[in-house]
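Report on one structure; see the data block that follows.
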Number of protein chains: 2
Amino acid sequence: MTIKDVARLAGVSITTVSQILNKKGDRFSPETRQKVLAVVKELDYKADYFAQNMVSKQTKTIGMVVPDITDLFFSKVIEGVEKHLNELGFMIILCNSNHSSEKENLYIEELLHRSVEGIILASPNPIHLPKLKNEDGSNKIPHILIDRGINKRDEGQLITNEFQGAYEAVEHLVNLGHREIGMLSNETSFYEITDRFYGYKKCLEDYQIPFQEEWIVSKNLTIKGGYEGAQQLLQQNITALFCGNDQMAIGAYRAINEAGKQIPKDISVIGYDGLEITDYLVPSLTTVAQPIFEIGYFAAKFLIDHINNPKEKVPNKYFDTQLVLKNSTKKLDSF
Amino acid sequence: MTIKDVARLAGVSITTVSQILNKKGDRFSPETRQKVLAVVKELDYKADYFAQNMVSKQTKTIGMVVPDITDLFFSKVIEGVEKHLNELGFMIILCNSNHSSEKENLYIEELLHRSVEGIILASPNPIHLPKLKNEDGSNKIPHILIDRGINKRDEGQLITNEFQGAYEAVEHLVNLGHREIGMLSNETSFYEITDRFYGYKKCLEDYQIPFQEEWIVSKNLTIKGGYEGAQQLLQQNITALFCGNDQMAIGAYRAINEAGKQIPKDISVIGYDGLEITDYLVPSLTTVAQPIFEIGYFAAKFLIDHINNPKEKVPNKYFDTQLVLKNSTKKLDSF
DNA sequence: CTGAAAGCGCTTACAG
DNA sequence: CTGAAAGCGCTTACAG
């Protein structure tokens, strides 16, 4: 069943059918429109996806590359992206880069080949993106990065106020009397340059607590990474631990338990992200919540807006974090 | 840059280029082949995706529908699917049905419109699939269900031996002296007919423990569902709890803690799935592990095999579970 | 207000 | 061993 059939049954030309279906048919008489629309409805006709795209490249598809789909942060982001795109009839080609920069580029190449209309690239690490740029440095395709602010740029930034979030978390610990505060950071990014680390450092400074190199351990942002990092940090005599994300905190819980210590009696712990699961840990985890779903939602929104309006700059959007107090922190006894 | 350019530069016809690139060029002289291949390489030519598909519909794409991408079970399945498909150059269009049967069908319709070569549909619930079938009952498109065995069929079953897994879990509890054993089951499936429930029931029978209706609570297979279900079950004087999945167990941990009880001192808990996180819970969770990644991997493999060989029956594959003993169960004191 | 015709970039049946 | 031509199902510039 093709446009020809519709044209024949409606007694018009295929041009007419095409124009009317593509909302370019103002010039046709109401009767003609009606006839065409009726036939289309009756046959449940829909223009062939590939024939249509050969001409117009309106694929109504975007590509999404994530480093690890089983990471609760990224799956939540995807959920937000999907929410917005679904409302608009767009679909997502999902690519799991497995944290490999090489794979990211291979996927992007294939996505370009398939004429996706835009790409959302999520990664907690610095990104190498030769494939997204033309030789003159302009963008080859509309894209949005979800990178926790690692890659600096002046438009299309979608990040939570990391500095503030980290600062408040550490300040909370300081206010509870803690002065030996460890931090579990991200291995593959340079923690020295992240806002999250700056927040930690600045807070110590403001409260005149000397900064100790040994209180920082960098690991993968995973449960396992948190477990290993915490084991290492527990060698130091810290009384509190600020974790790079909630998953690391979950790993830290186990390490702390194995070290024979209790949370929060012996050590206070704060996470970052605000995953649902933090409510259910025992004890529930105090965490710096960020609106992960919304980040995905706005990534999708900004991308689509940009596709529809390529001339306009992509806005930046900063989300506020919220320190959610639960039961994993405690006032130092000596305080 | 089109096939015309390649033909011109190689000094041959476009037919020749097409045939050689599509491995149908045995008949051409080695020199011709070489010339064409050289030009293709130099230009980095690749046939236009849409032009090619208008003729051949080899979209190298499959659709994947899951009820909730943030569910650790499904994200792990997707990882397995992706692994296999990626090796073959296939890509995945991901659809989040949000547990809605209506959305599942809308997505399937759109996937059909986009000529995906196959569909993997994951759902823990009974599935309504008018869109996947022709009027005569035959399949409209190759597809594989990942449904935990809920929808009975004689081919393409991909399930773990649920009966056995559940039986062993409950038997373990019985062997530790437990006789009041609760079960957190899945709300939206009819637990009466699932193998997991049969395993539970049969084990009680074999050990002559009377079955109690009140020991079964059905909730969503989520952390929250587990939390609520456990709260309810803790009203009963059970000494052990078999959870429908690990996420429910995580929720149960919190409910148990809030009830002022300790695991495993006051109550033993067993989960189902074997998620990585179970190693990190405190105490670590004894669980019935199933090879989730492999389930996804084989779903992809069977689907692709079926696409390549539509005549052959899709095999069934049963995976064995493994009861992984950790620290959430304990011999009853009175035993 | 409407439609014939060119064109999008391929594949394939067929002729030589 | 090779290629001209038809066809896949659309959209769009153009003519009337």
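The values are calculated or read from the model by the stated rules, or taken from the named source; none is laboratory data. Since this is a predicted model, take the numbers as computed values, not measurements. Ideal geometry is used to build each Cβ from the backbone, glycine not excepted, and the neighbour counts take in all protein chains shown. Accessible surface is based on the protein model in full, side chains and every heavy atom, while ligands, DNA and RNA are left aside. Shrake-Rupley method; radii C 1.70, N 1.55, O 1.52, S 1.80 Å.
Just to be sure, is residue B:313 basic (Lys, Arg), in contact with a Pro (Cβ under 6 Å, 6 or more places away or on another chain), in a loop (DSSP other than H, G, I, E, B) and more than 14 Å from chain A (Cβ to nearest Cβ)? Considered against the rule, which asks whether it is basic (Lys, Arg), in contact with a Pro (Cβ under 6 Å, 6 or more places away or on another chain), in a loop (DSSP other than H, G, I, E, B) and more than 14 Å from chain A (Cβ to nearest Cβ), residue B:313 comes out as no.
Restricting region B:263-320 to residues that are of a type in the set (Asp, Glu) and within 19 Å of the chain's Cα centre (by Cα) leaves a set whose member that is least open to solvent (accessible area, probe 1.4 Å) is B:273. Checking each residue in region B:71-90 for being open to solvent by less than 10 Å² (accessible area, probe 1.4 Å) and either touching a strand residue (DSSP E or B) at 6+ places or on another chain (Cβ under 7 Å) or basic (Lys, Arg) (or both) picks out B:73, B:74, B:77, B:78, B:81, B:85. Taken over region A:220-248, residues that are touching a residue at least 60 places away in the same chain (Cβ under 8 Å) and within 11 Å of chain B (Cβ to nearest Cβ) amount to 3. When A:93, A:108 are checked against the criterion of being in contact (Cβ under 8 Å) with a residue 40 or more places away in the chain and in the same structural domain as residue A:308 (by TED's automatic domain parsing), a single residue qualifies: A:108. For region B:165-181, check the following and say yes or no: at least one residue is at positive phi and either assigned by TED's automatic domain parsing to the domain that holds residue B:255 or touching a helix residue (DSSP H, G or I) at 6+ places or on another chain (Cβ under 8 Å) (or both). Within region B:165-181, one or more residues are at positive phi and either assigned by TED's automatic domain parsing to the domain that holds residue B:255 or touching a helix residue (DSSP H, G or I) at 6+ places or on another chain (Cβ under 8 Å) (or both). Within region B:264-296, the set of residues being part of a helix (DSSP H, G or I) and within 13 Å of another protein chain (Cβ to nearest Cβ) comprises B:276, B:277, B:278, B:279, B:292, B:293, B:296. The residues of region B:203-213 that are part of a helix (DSSP H, G or I) and either β-branched (Val, Ile, Thr) or at pLDDT 95 or above (or both), listed by number, are B:203, B:204, B:205, B:206.
Residue B:96 meets each of the listed conditions (1) out of contact with any Gly (no Cβ under 9 Å at 6 or more places or on another chain); (2) open to solvent by 20 Å² or more (accessible area, probe 1.4 Å) apart from (2). Go through the residues of region B:239-254 one by one and say whether even a single one is at pLDDT below 95 and closer than 26 Å to residue B:335 by Cβ. Yes, because at least one residue in region B:239-254 is at pLDDT below 95 and closer than 26 Å to residue B:335 by Cβ. Restricting to region A:120-141, name every residue that is out of contact with any strand residue (DSSP E or B) (no Cβ under 9 Å at 6 or more places or on another chain) and in a loop (DSSP other than H, G, I, E, B). Result: A:126, A:128, A:134, A:135, A:136, A:137, A:138.
The residue that is farthest from the chain's Cα centre (by Cα), among those in region B:50-60 that are surrounded by fewer than 19 Cβ atoms within 10 Å (Cβ to Cβ) and more than 9 Å from DNA strand C (Cβ to nearest atom), is B:57.
For first residues located in region B:27-52 and closer than 24 Å to residue A:58 by Cα, partners that are more than 13 Å from DNA strand C (Cβ to nearest atom) and lie 6+ apart or on another chain with Cβ distances below 7 Å form the pairs B:49/A:114.
Residues that are more than 10 Å from DNA strand C (Cβ to nearest atom), under 20 Å from residue A:55 (Cβ atoms) and not in a loop (DSSP other than H, G, I, E, B) within region A:4-28 comprise A:4, A:5, A:6, A:21, listed in sequence order. Just one of the listed residues (A:257, A:245) is out of contact with any Leu (no Cβ under 6 Å at 6 or more places or on another chain) and not hydrophobic (A, V, I, L, M, F, W, C), namely A:257. Criterion applied to A:119, A:146 was being buried (at least 22 other Cβ atoms within 10 Å of the Cβ), at pLDDT 90 or above and more than 14 Å from chain B (Cβ to nearest Cβ), and the one residue passing it is A:146. Taking each residue of region B:1-15 that is more than 14 Å from residue B:42 (Cβ to Cβ) and within 14 Å of another protein chain (Cβ to nearest Cβ) and looking for partners that are within 8 Å of DNA strand C (Cβ to nearest atom) and among the charged types (D, E, K, R) with beta-carbon atoms closer than 8 Å, six or more apart or interchain, yields B:2/B:48. All of (1) farther than 23 Å from residue A:65 by Cβ; (2) within 8 Å of chain A (Cβ to nearest Cβ); (3) of a type in the set (Ser, Thr, Tyr) hold for residue B:49 with one exception: (1).
As a summary of the residue check, residue A:107 satisfies the conditions (1) in a helix (DSSP H, G or I); (2) within 10 Å of chain B (Cβ to nearest Cβ); (3) crowded, with 16+ Cβ neighbours inside 10 Å; (4) out of contact with any Cys (no Cβ under 6 Å at 6 or more places or on another chain) except for the one numbered (4).
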